[in-house]
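In what follows, a single structure is set out as structure tokens and then discussed.
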Amino acid sequence: MKKFPTNFLWGAAMSAPQTEGHSLLNGKSASTWDHWFETNPEKFNANQGPADTSNIYELYKEDCQRMEDIGLNSIRTSIAWTRLLPDGKTLNPEAVAFYRDYFQEIRNHGVEPIINLFHFDMPMWLMEKGGWETRESVDAFAFYAKTAFEQFGDLVSKWTTFNEPLVHVECGYLFGYHYPAIVDFKKAVQVGYHTLMAHTCAVKAFREVLPQGEIGIILNISPAYARSESDADQQAKLASDLLNTRSFLDPAVHGHLPEELIALIKENELTPETQAEDTQLMAENTVDFIGLNYYQPRRVQAPTNPAKPAKMPSDLYGAYDWPEKRINPYRGWEIYPEAMYDVAIMMKNDYKNIPWFVSENGMGVADEERFLDENGMIQDDYRIEFMKEHLDYLHQGIQEGSNCFGYQTWTFVDCWSWLNGYRNRYGFYRVDLDNQFQRSVKKSGLWFKQVVQDNGYTN
Ligand code: BG6
């Protein structure tokens, strides 16, 4: 049997905008998602918008029981900034009551809550002022963070500032997948920088309000693998790692941006506006732990005919189509569990072996009702296989000394996925959209329960 360390956290991750529903009710103001769906519904799969999502706002008590039913000992979700502080300043009492009861209920079921502050859900009132492009967003986020720590710090001891901060940078300012769908490398860098400073200032507030607690950040990790050992391909790998991994991981753990990243940004005339105190703030506000969301690697090669200075990241590294790749056809993402080991060793060797956990890993599959058995249970053996393969490599990394303290899958109950709506399902529980969001456990949920019970599994 492959055994995991004592007190290993086994769980699932989710987020407020993807699960709560009640998106414009109970005092909550609009996020960019509410606004975008209202103005451009055609962009969203099957007209599925953010209003209802999986209705945890109403079903959280039953859902906390469901967490216990499949043995989870931890869960990650987020607070909606727009629910807690609808105008950025005024506390919404209904939100305080809801989150307090929800977090207490999670704990009552023996599950440890890990609470995140931002999961792609920018308040519309702030976006109207320029969102992360403005320095004002840093102070606004720090105020929100401080408020959340004060209101819920007695119920939650593990906090994270951002989920995948690079995603709103890339999707919002380079590739058009998230509002405001701007394509501008320089703005993207500024947005990334302000996000980093917002994270840093939130950590600072945390140390003041909850000195006994622990705080981290959740990063999407797609380790770069170069086509060849040639200098040009290796240069592309370096650029990808600097922009996509080290841009947040280095300051979060080491307290400063990599020199090579600063030089790369400068060479390409992308240097953001900064403030004199930022360097010291970063140095003084490193994290206690890191969460890494791993789904797929990044295959890179030297770019062909790159613009100089770079207009897009593809001018710094090209995408390499690895002929041997294995793909999840529903999501179009490569399946490469081996990277889990590489990431574990990277954390050990390059990041002081800081405590870290796999904060998301999972497989989205469309039309899962194809796999319903005669008892109405989804037989998602593919998902079990996917988790096992990844856990195998994670286990190997832990055996070699990597300080990993948990594994959380995406996700607990099927949830709404941004522009993809409910097309791909990831949950341990199926959500029936035609039947008032009724849930039913999948085979993977029962498999996971056994894993948690045994603190490991047999291949
Ligand atoms: C992660 C995000 O990147 O991947 C989640 O934190 C997201 O919000 C998950 O839902 C799965 O990706 P997708 O795009 O298929 O929903």
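The values are calculated or read from the model by the stated rules, or taken from the named source; none is laboratory data. Everything numeric here is computed off the predicted structure, so don't read it as measured data. Neighbour counts are summed over all protein chains in view; Cβ atoms, including those assigned to glycine, are modelled from backbone coordinates with ideal geometry. Areas reflect the complete protein model, heavy atoms only, side chains present, ligands, DNA and RNA absent. Shrake-Rupley method; radii C 1.70, N 1.55, O 1.52, S 1.80 Å.
Brief remarks follow.
- Relative contact order of the stretch 2-457, defined on C-alpha pairs under 8 angstrom at six or more residues apart (%): 18
- C-alpha center-to-center spacing [the stretch 181-219, the stretch 114-155] in angstrom: 9
- Reachable lysines, given that their alpha-carbon falls under 29 Å from the alpha-carbon of Lys43 and they are not under 8 places away in the same chain: Lys28, Lys129, Lys186, Lys187, Lys311
- Gap separating the Cα centres of the stretch 2-23 and the stretch 43-60, nearest whole Å: 19
- Per residue, the chain exposes 39 Å² of solvent-accessible protein surface, assessed with a 1.4 angstrom probe and all protein chains in place.
- Projecting the alpha carbon convex hull of the chain along each direction and taking the average yields 20.8 nm².
- Computed packing ranks the peptides 358-365, 149-156, 419-426 as 358-365, 419-426, 149-156, most packed first, by mean other Cβ atoms within 10 Å.
- Rounded if a/c under 1.5, otherwise prolate or oblate - the stretch 306-373, Cα gyration tensor axes: oblate
- The peptide list 175-181, 271-277, put in order of mean Cβ contacts within 10 Å with the highest first, becomes 175-181, 271-277.
- The chain: calculated mean residue ellipticity at 222 nm from DSSP helix runs of at least 4, using -39500 (n - 2.57): -12000 deg cm²/dmol
- Only protein heavy atoms count here; on that basis, with a 1.4 Å probe, Arg66 has an accessible area of about 50 Å².
- Cross-link pairs beyond the 30 Å C-alpha cut-off, checked among Lys266/Lys325; Lys158/Lys348; Lys61/Lys146; Lys2/Lys443: Lys266/Lys325
- Check: the chain dipole with +1 on Lys, Arg Cβ and -1 on Asp, Glu Cβ, in debye: 240
- Packing here is the average count of other Cβ atoms within 10 Å per residue, and on that basis the peptides 242-248, 68-74, highest first, run 242-248, 68-74.
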